[in-house]
Amino acid sequence: MGKAPPITNRVKELREAHGAMSQQALADAIGVTRQTVIAIEQGKYSPSLESAFRISRIFGVGVEDVFGWEG
């Protein structure tokens with residue numbers, strides 16, 4: 001098996017467009033640590049499905065508007 005295709009995300013872009021929301025504010029809103037938000041933004045960590053839905057709801061967009069899969 002080869003390396004899995006990366007999951008991309010627009011979390012940082014959406015966070016900045018959402019009144020310059022801080023990483024900590026997003027972390028508090030979805031119930032994770034700021035370090036987790038940083039890892040998600042950097043593509044080093046894929047959030048749980050529950051967290052992905054929470055992120056999308058905060059920004060008022062669909063999950064596929066936040067996360068993509070380059071496969």
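Among the listed residues Pro6, Pro47, identify the single one that is out of contact with any Cys (no Cβ under 7 Å at 6 or more places or on another chain) and touching a residue at least 60 places away in the same chain (Cβ under 8 Å). Spell out the reasoning first.
Details: Pro47 fails: touching a residue at least 60 places away in the same chain (Cβ under 8 Å).
Going through Pro6, Pro47 in turn, just one is out of contact with any Cys (no Cβ under 7 Å at 6 or more places or on another chain) and touching a residue at least 60 places away in the same chain (Cβ under 8 Å): Pro6.
Count, please, the residues in the range 44-56 that happen to be surrounded by fewer than 14 Cβ atoms within 10 Å (Cβ to Cβ) and closer than 15 Å to Arg15 by Cα. If you could, list the steps in order and put the result at the bottom.
Filtering the range 44-56 down to residues surrounded by fewer than 14 Cβ atoms within 10 Å (Cβ to Cβ) leaves 44, 48-50.
Now restrict to residues that are closer than 15 Å to Arg15 by Cα: none.
Residues that pass the stated criteria total 0.
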Next item on the list: Evaluate the following for Val32: is it surrounded by 12 or more Cβ atoms within 10 Å (Cβ to Cβ), assigned to a loop (DSSP other than H, G, I, E, B) and either out of contact with any Pro (no Cβ under 9 Å at 6 or more places or on another chain) or among the charged types (D, E, K, R) (or both)?
Entry: no
Item checked: Residue under evaluation Ser22, criteria (1) in contact with a Ser or Thr (Cβ under 9 Å, 6 or more places away or on another chain); (2) surrounded by 11 or more Cβ atoms within 10 Å (Cβ to Cβ), criterion not met -> (1)
Notebook entry, point to check: So how many residues does the range 42-71 have that are farther than 15 Å from Ile7 by Cβ, among the hydrophobic types (A, V, I, L, M, F, W, C) and not in a helix (DSSP H, G or I)?
Noted result: 1
Next item on the list: State whether one or more residues within the range 5-20 are at pLDDT 95 or above, part of a loop (DSSP other than H, G, I, E, B) and within 11 Å of the chain's Cα centre (by Cα).
Entry: yes
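Does Val11 meet the test of being touching an Asp or Glu at 6+ places or on another chain (Cβ under 8 Å) and either surrounded by 11 or more Cβ atoms within 10 Å (Cβ to Cβ) or in contact (Cβ under 8 Å) with a residue 60 or more places away in the chain (or both)?
Values: touching an Asp or Glu at 6+ places or on another chain (Cβ under 8 Å): yes; either surrounded by 11 or more Cβ atoms within 10 Å (Cβ to Cβ) or in contact (Cβ under 8 Å) with a residue 60 or more places away in the chain (or both): yes.
Considered against the rule, which asks whether it is touching an Asp or Glu at 6+ places or on another chain (Cβ under 8 Å) and either surrounded by 11 or more Cβ atoms within 10 Å (Cβ to Cβ) or in contact (Cβ under 8 Å) with a residue 60 or more places away in the chain (or both), Val11 comes out as yes.
Based on this model, can you work out whether Gln35 counts as at pLDDT 95 or above, in contact with a Lys or Arg (Cβ under 6 Å, 6 or more places away or on another chain) and either at positive phi or not hydroxyl-bearing (Ser, Thr, Tyr) (or both)?
Details: at pLDDT 95 or above: yes; in contact with a Lys or Arg (Cβ under 6 Å, 6 or more places away or on another chain): no; either at positive phi or not hydroxyl-bearing (Ser, Thr, Tyr) (or both): yes.
In short, no.
The values are calculated or read from the model by the stated rules, or taken from the named source; none is laboratory data. The structure displayed is predicted, hence computed values, not measured ones. Every residue, glycine among them, receives a Cβ derived from its backbone with ideal geometry; neighbour counts consider all protein chains shown.
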